[in-house]
Amino acid sequence: MNVATILDMAAMESAAGGHGDRTAVGRLADGVGYRRLGELADAGRREVPAGSAAVVFIGQSGPAFVTAFFASARQGVPFVPLNYRLADEQLRHLVGRYPDAIVIADRRYLHAIPATGCTVLSTDEWLARISTDSAVSAADSAPTAETAAPARPALHLYTSGTSAAPKAALLHHRHLASYIFGSVEFGSAAPGEAALVSVPPYHIAGVANLLSNVFAGRRVVYLPDFTAASWLETVRSESITQAMLVPTMLARIVEEVEGGAPADAPSLRLISYGGARMHESVLRRALRAFPEVGFVNAYGLTETSSSIAVLGPEDHRSALESDDPAVTRRLASVGRVLPGVEIEIRDEDGVARPRGVVGDIWVRGEQVSGEYADGGSVCDAEGWFPTRDAGWLDDDDFLFVEGRTDDTIIRGGENIAPAEIEDVLLRHPAVLDAAAVGLPDEQWGQRVAAAVMLRPDAKAEPDELCAWTREHLRGSRAAELVVIRSELPRTDTGKLLRRQVLADLIETSGRQR
């Protein structure tokens, strides 16, 4: 099916089962309703020739993103949201991959679009065109055969490139539809519910959150320029009930509200977080700052159409309240896999590993793509996708993700997860953020090193932090080098750019010798 059907269902009159009379996107004062959003998507479809290479979007989240996504879906043309924070040269290169595309961009990024055969519109021009042309006749808005069952992918989403060059993951309509229908109940949002979304449109969470909230009937409020203060103000002024954040954002919000009473956010009922690893110490502080809010940890990848495992509010609460160490440690897990998703933990030879043993995470299911624009599918013959994450399952099927398999530090033949060192450093009262890597070493193969970011006004010396790790870890796993940095390199979705940390520490280590 076409994912635009999700909007078609939502835009129907309430009497027909939809929620067309509710506000779909925007603030209470001037948001766009579901019925109107459907009209705008129809008008946008007519602006996209069926033979277009793609609809390329370079801009922040908002009405232009939402309408361009659904317009391209209805026309059966791939939607390609690009990272507007890339350098101009990188953007030109990526746009150049889509000749004869329609490019919709915020004005500040128009200069980065190459002179090709593309049709180029600013987001303002796009919204003006579809607003003028949105009086759609029933005949004109009816789905065509191509729109009803598109053969081309719904999305080209470029991976963040934290461990390799960015590549375009292909998600077909069936993958996205499978995720939504398997995890969201249609019309399940109560009137007045509103979701605050702070992730960009070029991240799978940005697309998945849009589809999930539209299907549920929830108002979506975007906060493209995140700060902790503006997030809190928006939660209060817009009566936000749900919010989606990446871990670095949640950490900054906790810093903003700590030191006094719990956060003043009376409407807030749920915070979901994901996109990168959440350190347990930060999570515990967040749970104290928002004691009346349910927390959801969602683990997934671009190639899996968003979440494949979820740690729900009850799981968080039981882990906090339990005296059983096996239950308590689940706070560091990503929960159980969703219905319709299968998981296996395998060794390097592809053999399934027993519970409690770390290995490579492989997944399979209708929402899993594993296909790339240039390289085809990387799934095995039975449809299993290698996530390239390392992890393990406990006896009750809770999944623990230890990090990327190629991030593992190997010292003298011993495998060390960077997260183990990072968690210890984050327990130091002066440390706000930490990243551990393995430096090349002639004797041991690698030795443990770390970069840390200190809390505002906090003080700590590198030798003190090395000693701290020796106090809490075996000597072979302790950090031999710690450097203090004003900030650690992360993507805007919170993923650590570990290669940059490693390059910095190799240079630092070389200068110290």
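If we count every other residue with Cβ under 15 angstrom of Asp504's Cβ, Lys/Arg +1 and Asp/Glu -1, where does the sum land?
Working: positive: Arg485, Arg490, Arg498, Arg499, Arg511; negative: Asp433, Glu487, Glu507.
Residues near Asp504 contribute +2 overall.
First check a/c for segment 396-503, with a ≥ b ≥ c the square roots of the eigenvalues of its C-alpha gyration tensor; if it is under 1.5, answer rounded, and if not, answer prolate when a/b is larger than b/c or oblate otherwise.
rounded
Name the residues whose placed amide hydrogens come within less than 5 Å of the amide hydrogen of Gly300, ignoring near sequence neighbours (fewer than 5 apart) on the same chain.
Those lying under 5 Å, H to H, from Gly300 are Gly275, Ile308.
Could you point to the residue in Thr328, His175, Met12 farthest towards the positive end of the chain's charge dipole, with +1 and -1 charges on the Cβ of Lys/Arg and Asp/Glu respectively?
Positive-end residue among those listed: Met12.
So what are the ³J(HN,Hα) numbers for segment 474-489, from phi and the Karplus equation (6.51, -1.76, 1.60; θ = phi - 60°), rounded to whole Hz, Gly and Pro as x?
4, x, 5, 9, 6, 6, 8, 9, 10, 10, 9, 10, 6, 7, 9, x
Quickly rank 174-183, 502-511 as a protection proxy: mean count of other C-beta atoms within 10 Å, highest first.
On the way: 174-183: 21.0, 502-511: 14.3.
Packing order, densest peptide first, comes out as 174-183, 502-511.
Each label point is 7 Å from the Cα along the Cα-to-Cβ direction; what then is the distance between the points at Glu342 and Asp264, in nm?
Those two pseudo-labels are separated by 5.4 nm.
Could you work out how far the C-alpha centroid of segment 330-370 sits from that of segment 170-204, in angstrom?
23 Å
Please get the size of the charge dipole for segment 408-512, origin at its Cα centre, with Cβ charges of +1 on Lys and Arg and -1 on Asp and Glu, quoted in debye to the nearest 20.
180 debye
For segment 311-318, what does the Karplus curve 6.51 cos²θ - 1.76 cosθ + 1.60, with θ = phi - 60°, yield as ³J(HN,Hα) per residue in whole Hz, taken in order and with x for Gly and Pro?
Listing the rounded values in order: 9, x, x, 5, 5, 4, 5, 5 Hz.
Can you give me the long-range amide H partners of Val482? Hydrogens built in the peptide plane at 1.01 Å from N, cutoff under 5 Å, separation of 5 or more residues or another chain.
Long-range HN contacts for Val482: Ala450.
Highest mean first, what order results for 80-89, 440-449, 207-216 on Cβ atoms within 10 Å?
Put in order of decreasing packing, that is 207-216, 80-89, 440-449.
Given R₀ = 30 Å, what would the calculated FRET efficiency be for Glu414 paired with Arg455, taking r from the Cβ atoms and rounding to 0.05?
Efficiency computed from Cβ-Cβ geometry: 0.45.
Compute the helix-to-body angle for 462-472: its Cα long axis versus the longest principal axis of the chain, expressed 0 to 90° and rounded to tens.
The angle comes out near 80 degrees.
What is the list of residues in segment 412-450 whose amide nitrogen lies under 15 Å from a point 7 angstrom out from the Cα of Gln500, following Cα to Cβ?
Within reach of a label on Gln500: 434-436.
Order these by the 10 Å Cβ neighbour count, fewest first: Leu40, Leu110.
Starting with the residue having the fewest Cβ neighbours, the order is Leu110, Leu40.
Quick one: in segment 299-406, what % of C-alpha pairs are over 16 Å apart?
Counting every Cα pair in segment 299-406, those more than 16 Å apart make up 58 percent.
Under a Cβ-Cβ cut-off of 15 Å, what is the net charge of the residues other than Gly383 that fall near it, where Lys and Arg count +1 and Asp and Glu count -1?
Charge balance near Gly383 sits at -4.
Say R0 is 30 Å: what FRET efficiency, to the nearest 0.05, do Lys167 and Val483 get from their beta-carbon distance? If you can, show how the numbers build up before the last one.
Details: r = 31 Å, r/R0 = 1.04.
Calculated transfer efficiency: 0.45.
Provide the packing ranking of 423-431, 358-366, i.e. peptides ordered by the mean count of other C-beta atoms within 10 Å per residue, highest first.
358-366, 423-431
Could you work out the local net charge near Pro191, counting Lys and Arg as +1, Asp and Glu as -1, over the other residues with Cβ closer than 12 Å to its Cβ? Write out the running numbers ahead of the final one.
Numbers: positive: Arg22, Arg218, Arg219; negative: Asp21, Glu193.
It works out to a net charge of +1.
Can you give the FRET efficiency for Arg317 and Arg355, using 1/(1 + (r/R0)^6), R0 = 22 Å, r = Cβ-Cβ distance, to the nearest 0.05?
So, using R0 = 22 Å, E works out to roughly 0.35.
Go through Ala309, Leu91, Trp444 and say which Cα lies farthest out towards the positive end of the charge dipole of the chain; charges sit on Cβ, +1 for Lys and Arg, -1 for Asp and Glu.
Leu91
Taking the Cα centre of segment 234-281 as origin, sum charge times position over the Cβ atoms of Lys and Arg (+1) and Asp and Glu (-1), and report the length of that vector in debye to the nearest 20.
On the way: 4 positive and 6 negative charges, 36 e Å.
My answer is approximately 180 debye.
Please get the size of the charge dipole for the chain, origin at its Cα centre, with Cβ charges of +1 on Lys and Arg and -1 on Asp and Glu, quoted in debye to the nearest 20.
760 debye
Please figure out what share of the DSSP beta bridges in the chain is antiparallel and state it in percent, rounded to the nearest 5. Show your work: numbers first, answer last.
Values: 47 of 80 bridges.
Roughly 60 percent of the beta bridges in the chain run antiparallel, per DSSP.
By how many degrees, between 0 and 90 and to the nearest 10, does the Cα long axis of helix 280-289 differ from the longest principal axis of the chain?
Tilt of helix 280-289: around 60 degrees.
With axes computed from alpha carbons, what is the tilt in degrees of helix 173-183 against the longest principal axis of the chain, rounded to the nearest 10 within 0 to 90?
70 degrees
Per residue of the chain, what 222 nm ellipticity follows from adding -39500 (n - 2.57) for every DSSP H run with n ≥ 4, rounded to the nearest 500?
-9000 deg cm²/dmol
Can you list the residues, at least 5 places off or on another chain, whose amide H is less than 5 Å from the amide H of Lys495, using H built in the peptide plane?
Here the answer is none, since no amide H 5 or more places off falls under 5 Å of that of Lys495.
Each reported figure results from applying straightforward, stated rules to the coordinates on display, with no laboratory input. Because the structure is a prediction, the values reported are computed rather than measured. As a convention, Cβ positions derive from the backbone with ideal geometry for all residues, glycine included, and neighbour counts pool all protein chains shown.
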